Structures are given as C-alpha cells and as structure tokens.
1. Ignoring any ligand, DNA or RNA, what whole percent of the accessible area of the chain comes from carbon and sulfur when the probe is 1.4 angstrom?
2. Run the quick spin-label model on residue 76 and residue 158: label points 7 Å from Cα toward the beta carbon, then report their separation in nm to one decimal.
3. In degrees from 0 to 90, rounded to the nearest 10, what is the angle of the helix 54-66 Cα long axis to the longest principal axis of the chain?
4. At q = 0.21, 0.22, 0.26, 0.31 Å⁻¹, what is the log10 ratio I(q)/I(0) for the stretch 105-160, with the Debye formula run over Cα points and no solvent?
5. So how far apart, in nm, are the two label points at residue 280 and residue 3 if each is 7 Å from Cα heading toward Cβ?
6. For the stretch 1-81, what is the per residue volume of the convex hull drawn over the alpha-carbon atoms, in cubic angstrom?
7. Which of 55, 12, 39 sits farthest toward the positive end of the charge dipole of the stretch 1-91, with +1 on the Cβ of Lys and Arg and -1 on the Cβ of Asp and Glu?
8. Counting pairs of alpha carbon atoms under 8 Å apart in space and at least six apart in sequence, what relative contact order in percent does the chain give?
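The values are calculated or read from the model by the stated rules, or taken from the named source; none is laboratory data. Computed from a predicted structure; not experimentally measured. Every residue, glycine among them, receives a Cβ derived from its backbone with ideal geometry; neighbour counts consider all protein chains shown. Quick note on the areas: whole protein, heavy atoms, side chains included, nothing else; ligands and nucleic acids left out. Shrake-Rupley method; radii C 1.70, N 1.55, O 1.52, S 1.80 Å.
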Amino acid sequence: MITVRVPATSANIGPGFDCLGLALNLYNTFYFEEIDDGLIIEGCEPEFCDENNLIYVSMKKCFEKIGYEIRGIKIKIQCDIPVSRGLGSSASCIVGGIIGANEMAGGVLTKEEILELATEIEGHPDNVAPALFGGMTVAIQEGNQVHYSKVNIAKGLKFYALIPNFKLSTEASRGVLPKQIDYKDGVFNVGRVALLISALTNGELGLLKAACEDRLHQNYRGVLIEGFQILKEKCEELGSKGVFLSGAGPTMVALAEEINEKFYIEILEFLKTLKETWVV
Ligand code: HSE
C-alpha cells in the first residue's frame, strides 16, 4: 500500500494571480494499491467514484507518460480539505494521484517532471507547486516547462484561513474575470507582487497590507462572496497585516503577527455574528 499526504494550498496571495501559492497545515491523504483488475474508489461521494475521478485521471496520465501498464487500482481517500473553497482540493487530488502512480511505477519521474504534469492537468501551477514542495512558491509556465522558486517567509507571521460553509466553483469564479485588463492595473499588480515577496522575506509586516492589494481578480470575485468586504475590514480592525482571497475563493486568508494572540479568538467571535457559518 502506498500512502500519500498532500496539503491544502492557498493560491494567488493577493496580486500573484496564477503564480503565487502556499501550503497550509490541512491535508488530504490517499492510499493506493495495485489490484488484479478494475478500479475501486472509496472515501468520496458515489458520483465521483468512477473513471472520471480526478485522482484516477491524474494517475492514468502519469502511467501513460511513464509507459507503465497497470492491472487494476484501488484508491482510498481521506478528504479533509473542503471542496470548492479555494483551498486547492483539486490540486491535492492531481498531485496525490501522480505521486501515487509514480511510486507504483518505481519512482521514475523527478519532482520537476511531476510538477510539469500536474500543471498540465490543472492548467496553472500556483496550487500544485506548493502542494508538491510545501511552503510558499512562485511558479510560472514557459511552454511545457514550469519554473519555480521557494520563498522563505520570515518568522513571526501566522496565516489564518477563514473558510465559509458555502462553495464557489473555480469555473464560476474565473468566469467573472475580464478578458482584458488596463495597462495601469497590470503595473499596479507587478509592483505589489514584487513588494509582497520582498516584504514576506524580510519580515517587513507593515508593507503587507498594501502588498496584498490586487486589481486582476479580487474585486471581481469579491461580489460573489457574501461577507467579503465586511470580513476584510474586520480583520484589519483586529490588527491583521494583510487580507486576501484564497485562490478563486470563497475562503479568505488573514495574515496576523504571532504575538497577536487575540486575533484568533476575536475573529472567531465576529464570524459567529455573520449569516453564513465560517470556520478558522
Ligand atoms: N489562480 C487560480 C485562480 C487558483 O485564481 O483562478 C484557483 O484555481
């Protein structure tokens, strides 16, 4: 039996649309076994237990790339990452499936090749890179190649994921984005991505609020998320150093200093006053 544990991820981190991401300490665990014949999937809704299952599709692509003939597969899933919340549950399935398949086939692919295959399946590298390498990553595509770099975040900061009980599909959330953006908005984001990485690395927490702002996606998506603006303002009032939408949403992430011990308690109290149920 092969066991693979893959973290949830938060993509974009404000201005870094489709390129920045970080791993969170929340995980999906996958158990793989080669069997004599067929496909058995356990641990998810019956409608996902067939050949279209993303874990299985990702495994098949990996076997095809390696040229490995598999007899049959049993996949058991322990799913702790909520689905359609902007926490990279799809990326975890893709990365988990490829790693499981690669191990079954004798560990032929390097981590870089796994990243490239995962990016090809997902369409962008911002979730799959931190799901694979952990920590915070910058990842971009150049043709079929994916270039990535890890960001060493300075100590003293905590990332709080505020997760609602309602879903927002990535498809719907990408659907509200404009086809073109103004040159000024491009410039706005370029500067902030650079500032964000530098400030996180140097521990310049006072710069993070401005550095988390963005004009490529958050304003368009915010209107789809009940409580987005109120929560952002409340987090700032409670001393958060920066707030952003996690991936395509609806989860939001607040950055707070480790020494701000009250933040967790106070934001939990505030979330109880909202119409929808949120957990931290
Ligand atoms: N960068 C992606 C987006 C992450 O914002 O749409 C979600 O898949």
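1. Carbon and sulfur together cover 49 percent of it.
2. Placing both labels 7 Å along Cα→Cβ, they lie 3.4 nm apart.
3. For helix 54-66, the angle is close to 60 degrees.
4. -0.77, -0.82, -1.02, -1.30
5. 3.1 nm
6. Values: hull volume 9.7 nm³, N = 81.
Per-residue hull volume (Cα only) is 119 Å³.
7. Farthest along the dipole direction, towards plus: 12.
8. Relative contact order here is 21 percent.
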